[in-house]
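The values are calculated or read from the model by the stated rules, or taken from the named source; none is laboratory data. Predicted model, so just to flag it, every value in this text is computed and none were measured. Backbone-built Cβ (ideal geometry, glycine too); neighbour counts: all protein chains shown. Heads up: the accessible areas ignore ligands, DNA and RNA and are worked out on the full protein's heavy atoms, side chains in. Shrake-Rupley method; radii C 1.70, N 1.55, O 1.52, S 1.80 Å.
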Amino acid sequence: MNILLISSSQRGNSKSLDVSKFLQTNILNDMEGVKSSILDLSRYPFLLDHYGTGRDDLISLANNKDEVVGQLYSCDAVVFIVPEWGGMIPPALVNLLLLSANGSANGLPLGHKPAFAIGVSASSGGSNPISLLKGYAGKNSHLTWLPLHAIIQNVDDFLKQTWTPTLENRYSQVQSRLLVGLKSLVIYSNQLASVRDELVVLSKEHPYGQ
């Protein structure tokens, strides 16, 4: 099973990327039969202009799109690690979700694949990305949101903590939510695998929601 971690910040060396690596080191690398990879959106600046006009380097744009969509197709489940920017999600993530629609991706690369949302904040925010993603991101992607999510506040302090998900302090409780969420993601992915192709065929009948 391949779990794709989407570091949704378009800034290089972001805290979202650090959280992605944190999840690999402390959780995913120890899961039997699970492989994980990171899609760092900061590496694909051309995708920000995908729905714009006047882009000179169309070859780089096409290559960026093909590489990113290919990673969406090859994963079995996805984790969105999303910073809160002024109460919003980064534009690069909006474009990625647009690219995951049937017409843009020549199919539904995330169709009926389970997704786990993680909000990230440098202070006490982080809830808005969860609401925004669960409110609209599944419409044209046809992904399946887990009922669980996690919010990492004061991310700099969080990343300094030792891995102690069984304790009762604040940071350990967030670690526990991440652990339970990723374990649940694996269970969902295993159970959906046998019916995903059939469901995607049905989704293509009405790929753009209502």
Cα gyration tensor of the chain, axes a ≥ b ≥ c as square roots of the eigenvalues: rounded (a/c below 1.5), prolate (a/b > b/c) or oblate? oblate
On the protein heavy atoms, probe 1.4 angstrom, tell me the percent of accessible surface of the chain carried by carbon and sulfur. 51
Calculated from DSSP H runs of 4 or more alone, at -39500 (n - 2.57) each and per residue, what is the 222 nm mean residue ellipticity of the chain, nearest 500? -13000 deg cm²/dmol
Starting from the Cα of Ser131, step 7 Å along the direction of its Cβ; do the same at Met31; then give the gap between the two resulting points in nm. 2.8
Modelled label-to-label distance, Glu168 and Val180, 7 Å Cα→beta-carbon offset: nm? 1.6
Helix 58-74 versus the longest principal axis of the chain: what angle, 0 to 90°, nearest 10, using Cα atoms? 60
accessible surface per residue for the chain, probe 1.4 Å, DNA/RNA/ligands not counted, whole Å² -> 48
In whole Å, how far is the Cα centre of the range 116-182 from that of the range 70-100? 14
Report the residues of the range 1-25 in range of a label on Ala122: point 7 Å along Cα→C-beta, backbone N strictly under 15 Å from it. 9-18
For Met88, Met1, give the ranking by accessible area with the largest first, probe 1.4 Å. Met88, Met1
